[in-house]
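Below is one structure; the comments refer to it alone.
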Amino acid sequence: MGYGEFKEKIRKALEEFYGGSAEVELAESLKNNGKRHDAVIIRQKSGGSTAPFIYLEEFYQMYRDGSMDMEGCVRGIALSNEEGRCRPQVEAFSGRLLEWGFVRGKVYPALVSMEKNMELLSGLVSGRMLDLSVIYVIRHSTDGGDLCSVKITRGMMDAYRIDEGQLHEQAMDNMKKDGYGFCELSDYIRGKAAVDGGLGKGKPDGPEAGKMYILRNRDGVYGAAGILDRGLLAGFLGGHDCFILPSSIHETIFLLASDSQNQKELDGMVAEINEMCVDEEERLTDHSYYYDAASEEIRICA
């Protein structure tokens, strides 16, 4: 059975499963870097307003490899929908997304590729940093442990009745309390160091030559935006020029600049790591950046 036929059969089977108590709709979700996912949305005719996207690719793969039949797929989708729908804290959060007084302390900047997100960016509030776009996300941790993240659209801005300058200022203020910190990459990989907001913890003299340092926030979500904070960078780098390697939209890696380093080799390393280790939706760019300590400016390596 082809994928298109599978999707339509799933939709019809779900309609039968719910017996008229829910509306079943096939949809497409546009993610970072132009990645699209097919999904099904099950809207209960009674009950809460939250209707989670249940992605279909994984269910189709299980159907194809024989690990799940059509009935199993239907029941699995229904279970996923129930788990996503019956979370009162998530429902409460979703119901207040258009209240600026509620979300203002939860707004943070995020960085994405401008070139790879032209369609996505058309509906979002965004600014520009070199070849990157600065977007804004609402992040909220519920008491139940759910981490919710919602990108701010132009329609949401109309409801907030603020301008983009006010939004950016609020997001940058919130970012300063977002638990950003540096630690040695090797220590972080081995689990011997945690980024907890303590800049250069254990490194009072700043970075050392030949070592890589990872910059991320406490939650590890959209932490690449830390490079927007000049004070944060200057406080740790202490007057040292550095290469910045975009590990993902969630974190960046810093390496002291030296004459022995080849920018093309660094770019090649970034591209190779992206291809081998980073999910397509989480990639930032395939090239490195340069931090000029004297001007506290970042530029694309050329």
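The values are calculated or read from the model by the stated rules, or taken from the named source; none is laboratory data. Quick caveat, the model's predicted, so the values are computed rather than measured. Cβ placement follows ideal geometry from the backbone for every residue including glycine, while neighbour counts extend to all protein chains displayed. What goes into the accessible areas is simple: the full protein's heavy atoms, side chains included, and nothing from ligands, DNA or RNA. Shrake-Rupley method; radii C 1.70, N 1.55, O 1.52, S 1.80 Å.
Past 20 Å, Cα to Cα: identify those pairs from Lys9/Lys35; Lys35/Lys151; Lys12/Lys151; Lys35/Lys264, in the order given.
Lys9/Lys35; Lys12/Lys151; Lys35/Lys264, as the Cα separations exceed 20 Å there.
For the pair Ser94 and Ala294, what calculated FRET efficiency results from E = 1/(1 + (r/R0)^6), where r is the Cβ-Cβ distance and R0 = 41 Å, to the nearest 0.05?
With a Förster radius of 41 Å, E is 0.30.
If ligands, DNA and RNA are left out, what is the accessible area of Met70 with a 1.4 Å probe, given in Å² to the nearest 10?
40
To the nearest 20 debye, what charge dipole does the chain have about its Cα centre, counting +1 at the Cβ of each Lys and Arg and -1 at the Cβ of each Asp and Glu?
My answer is approximately 740 debye.
In the set [x] 19.9, 67; [y] 22.0, 69; [z] 21.3, 83, which value of Rg and Dmax of the Cα atoms in Å was calculated from the structure you see?
Answer by label: [y].
Would you check the accessible area of Met269, probe 1.4 Å, heavy atoms only, in square angstrom rounded to 10?
For Met269, solvent-accessible area is about 60 Å².
Run the reach check for Lys176 against aspartates and glutamates, Cα to Cα strictly under 12 Å, same-chain hits fewer than 8 apart removed. What comes back?
The reachable aspartates and glutamates, counting only those whose Cα sits under 12 Å from Lys176, are Asp229.
Can you tell me the orientation of helix 164-175 relative to the chain, as the angle in degrees between its alpha-carbon axis and the longest Cα principal axis, to the nearest 10?
Orientation of helix 164-175: about 80 degrees from the principal axis.
Which order do Ile273, Ile227 take when ranked by solvent-accessible area (1.4 Å probe, heavy atoms of all protein chains), largest first?
So the residues, ranked largest to smallest area, are Ile273, Ile227.
Normalised by the number of residues in the chain, what is the relative contact order in percent for Cα pairs under 8 Å and 6+ residues apart?
Once divided by the residue count of the chain, the mean separation gives 12 percent.
Long-range amide H contacts for Thr252: which residues qualify at under 5 Å (H placed 1.01 Å from N, peptide plane, sequence gap of 5 or more or a different chain)?
Hits under the 5 Å cutoff: Leu215, Ser247.
Quantify, in whole percent, the carbon and sulfur part of the accessible surface of the chain (1.4 Å probe; protein heavy atoms only).
47
Once every DSSP H run of n ≥ 4 in the chain is given -39500 (n - 2.57) and the sum is divided by its residues, what mean residue ellipticity at 222 nm do you get, rounded to the nearest 500 deg cm²/dmol?
Value at 222 nm, helices only, nearest 500: -9500 deg cm²/dmol.
What spacing in nm lies between the two simple spin-label points modelled at Ser46 and Ala159, each 7 Å away from Cα in the Cβ direction?
Between Ser46 and Ala159, the label points sit 2.7 nm apart.
When a/c reaches 1.5 or more, the comparison of a/b and b/c decides; with that in mind, is the range 1-113 rounded, prolate or oblate per its Cα gyration tensor?
Taking the square roots of the gyration eigenvalues as a ≥ b ≥ c, the range 1-113 is oblate.
Taking loop as defined by DSSP and a crowding limit of 14 other beta carbons within 10 Å, which GluC sites (Glu not before Pro) in the range 88-128 fit?
When the GluC sites (Glu not before Pro) of the range 88-128 are filtered for loop state and at most 14 Cβ neighbours within 10 Å, Glu99 remain.
What's the FRET efficiency of Gln166 with Met70 using the Cβ-Cβ distance as r and R₀ = 45 Å, to the nearest 0.05?
According to the calculation, E is roughly 0.30.
Among Met269, Leu124, Ser288, whose Cα projects farthest towards the positive end of the dipole of the chain, with charges put on the beta-carbon of Lys, Arg (+1) and Asp, Glu (-1)?
Leu124
Multiply the residue separation of Asp279 and Glu119 by 0.36 nm, subtract the distance between their alpha-carbon atoms, and state the gained length in nm to one decimal.
Full-extension gain reported as 55.6 nm.
Whole-Hz Karplus ³J(HN,Hα) for the range 225-240, in order, using 6.51 cos²θ - 1.76 cosθ + 1.60 and θ = phi - 60°, x for Gly and Pro?
With the stated coefficients, the range 225-240 comes to 5, x, 6, 6, 8, 5, x, 4, 5, 4, x, 9, 6, x, x, 9 Hz.
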